Every structure is written in C-alpha cells, then in structure tokens.
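The values are calculated or read from the model by the stated rules, or taken from the named source; none is laboratory data. Remember, it's a predicted structure, so these values are computed and weren't measured experimentally. Don't worry about glycine lacking a Cβ; one is built from the backbone with ideal geometry, like all the others, and counts go over all protein chains shown.
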Amino acid sequence: DQQVKQNSPSLSVQEGRISILNCDYTNSMFDYFLWYKKYPAEGPTFLISISSIKDKNEDGRFTVFLNKSAKHLSLHIVPSQPGDSAVYFCAASVSGATNKLIFGTGTLLAVQP
Amino acid sequence: DGGITQSPKYLFRKEGQNVTLSCEQNLNHDAMYWYRQDPGQGLRLIYYSQIVNDFQKGDIAEGYSVSREKKESFPLTVTSAQKNPTAFYLCASSIGFGGAEAFFGQGTRLTVV
C-alpha cells in the first residue's frame with residue numbers, strides 16, 4: 001500500500017518557467033512533509049519542509065503548498081534552472097514516536113535550456 | 001565537517017555471501033535509517049533505530065539485519081536470505097523525536113553476481 005504517491009514519473013520544463021511537482025498521501029496521521037532532490041548515484045539532499053499547521057512554506061525559488069483536506073502537496077520551483085534537473089522525492093512522517101519518513105516514488109524533472 | 005559516511009561506494013559480492021554495509025555519522029543524531037532504492041520504486045525503509053541498542057523493522061526487513069551498538073554507527077548486513085540484494089542502499093540520520101529532516105549519506109551500490 002503506497003501511502004505517499006507521486007503520479008508523474010517525469011516532467012519537462014523550459015528554463016525560466018515554473019516547475020510544479022505534485023504529491024498525494026493517504027495517511028491522515030502524517031503531519032510533517034518534506035521534499036528531497038536526488039542526483040544519480042548520490043544520496044538525496046533536503047530541500048524544504050512543511051508542517052501540517054501551515055499551508056505554505058517558501059525558501060528562495062522553492063515553495064511548498066499543503067492542502068490537508070485533499071491530502072495533497074506540491075513543490076513549485078520558480079524560475080526553473082538547468083541545475084534543478086534531478087529526481088524529486090516527497091516524504092511524509094508522523095512526528096513523535098517513530099519519526100520515520102515514508103517516501104514517494106519520485107519525479108524526474110528535466111529543465112531544458 | 002559533520003555528515004554521514006557510507007562505505008564503500010561500490011560493492012560486489014557473490015551470490016550466497018553475507019555482506020555488511022557501513023554507515024557512520026558525526027552529527028550527534030539519535031535516529032538512523034536504512035533505505036533501499038530500486039528503479040521506479042522510490043526509497044523503501046529497511047530498518048530504523050531511534051536510540052542505541054534499539055532498532056525496528058521497516059517495510060522490507062526480510063533478509064537484512066542491523067545493529068546499533070554505538071550512537072555513531074548503524075551497519076547493515078545483507079544476508080544470503082535476501083532474494084534480490086542488488087540495489088542502491090542509502091543510510092540516513094535525523095535528530096529523532098519530532099518532525100525533522102533526515103540527512104543522507106552518498107549511498108552504496110551493491111551488486112551481487
């Protein structure tokens with residue numbers, strides 16, 4: 001049972017435009033959400049997170065939006081740059097006793113120059 | 001520099017042999033995790049540990065074993081019982097309790113021939 005889903009395996013965007021990556025979750029107990037960026041043969045690097053008490057968090061070119069009623073979050077990258085090309089994973093956790101992260105399957109973003 | 005070190009980066013083993021993957025962190029994090037990445041399946045949790053001398057099975061623990069004798073170290077043994085051991089293995093750590101991002105090592109690519 002996939003509790004965190006990224007339904008788009010890939011996304012192609014022109015440099016300078018907006019990239020929107022989507023993520024859906026099924027477990028209503030999740031209260032902390034994160035986005036990671038990953039290059040091939042490397043470990044993921046943390047990008048941005050959001051707590052369930054917020055509906056938006058912004059860090060430079062990256063903004064994460066959370067819609068709790070729809071169990072949906074999205075990552076916006078504006079403007080997109082060729083160096084943003086990577087696989088993006090969303091992850092969710094129930095903060096507290098275990099704090100373990102449940103990851104989605106990832107979306108490969110290609111930013112075309 | 002603080003961080004997580006996985007070694008080796010590439011590992012080859014013959015079928016039927018046990019192999020141990022190393023993971024060391026100097027971030028003073030309480031929690032440590034092992035994930036496995038396969039193409040199209042995202043990151044799946046193998047084992048995690050919240051404190052020294054304690055660990056729990058993740059979603060795909062069969063054929064793996066771990067130990068947590070020191071706070072800094074969380075080695076993973078891939079046993080001969082693991083049916084499909086060839087994969088990219090990622091170790092991570094986090095502060096522990098409460099919502100917090102996990103920091104990842106660079107990964108170990110295990111190939112069993």
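Return a yes/no flag: does the stretch B:89-102 have any residue that is surrounded by fewer than 21 Cβ atoms within 10 Å (Cβ to Cβ), without any contact (Cβ under 8 Å) to a residue 40 or more places away in the chain, at negative phi and β-branched (Val, Ile, Thr). The answer is no, given that none of the residues of the stretch B:89-102 is surrounded by fewer than 21 Cβ atoms within 10 Å (Cβ to Cβ), without any contact (Cβ under 8 Å) to a residue 40 or more places away in the chain, at negative phi and β-branched (Val, Ile, Thr). Put simply, of A:GLY83, A:GLY60, A:GLY106 the only residue that is out of contact with any Leu (no Cβ under 7 Å at 6 or more places or on another chain) and either buried (at least 18 other Cβ atoms within 10 Å of the Cβ) or closer than 12 Å to A:TYR32 by Cα (or both) is A:GLY106. Looking only at residues in the stretch A:55-86 that are within 10 Å of the chain's Cα centre (by Cα) and among the β-branched types (Val, Ile, Thr), the one that is nearest to the other protein chains (Cβ to nearest Cβ) is A:VAL64. In the stretch B:62-84, is there at least one residue being more than 26 Å from A:SER51 (Cα to Cα), in contact with a strand residue (DSSP E or B) (Cβ under 8 Å, 6 or more places away or on another chain) and in contact (Cβ under 8 Å) with a residue 60 or more places away in the chain? Yes: one or more hits.
A Cβ distance below 9 Å, combined with a sequence gap of six or more or placement on separate chains, defines the contacts here; from the stretch B:26-37, residues that are at positive phi reach residues that are surrounded by fewer than 24 Cβ atoms within 10 Å (Cβ to Cβ) and outside any strand (DSSP E or B) in the pairs B:ASN28/B:GLY2; B:ASN28/B:LYS71; B:ASN28/B:GLU72; B:ASN28/B:ILE95.
Of all residues in the stretch B:20-45, those being buried (at least 16 other Cβ atoms within 10 Å of the Cβ), aliphatic (A, V, I, L, M) and either more than 11 Å from every other protein chain (Cβ to nearest Cβ) or out of contact with any Leu (no Cβ under 7 Å at 6 or more places or on another chain) (or both) number 4. Just so you know, in the stretch A:1-50 the residues that are surrounded by 16 or more Cβ atoms within 10 Å (Cβ to Cβ) and touching a helix residue (DSSP H, G or I) at 6+ places or on another chain (Cβ under 9 Å) include one that is farthest from the other protein chains (Cβ to nearest Cβ), and it is A:VAL13.
Among all positions in the stretch B:57-78, there is at least one residue which is within 14 Å of chain A (Cβ to nearest Cβ), out of contact with any Cys (no Cβ under 6 Å at 6 or more places or on another chain) and closer than 14 Å to A:LEU101 by Cβ. Applying the criterion of at least 3 residues that are in contact (Cβ under 8 Å) with a residue 12 or more places away in the chain and not hydroxyl-bearing (Ser, Thr, Tyr) to the strands (runs of 3 or more DSSP E) found wholly in the stretch A:55-113 leaves A:62-67, A:72-77, A:86-93, A:107-112.
Selection of strands (runs of 3 or more DSSP E) fully inside the stretch B:3-113 by the criterion of at least 3 residues being of a type in the set (A, V, I, L, M, F, W, C) and closer than 24 Å to A:TYR32 by Cα returns B:31-37, B:43-51, B:87-94.
To keep it simple, each residue is scored yes or no on (1) of a type in the set (Ser, Thr, Tyr); (2) modelled with pLDDT of 95 or more.
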residue: A:PRO40; (1), (2): no, no
residue: A:LEU47; (1), (2): no, yes
residue: A:SER51; (1), (2): yes, no
residue: A:VAL78; (1), (2): no, yes
residue: A:PHE89; (1), (2): no, yes
residue: A:ALA92; (1), (2): no, no
residue: A:LEU109; (1), (2): no, yes
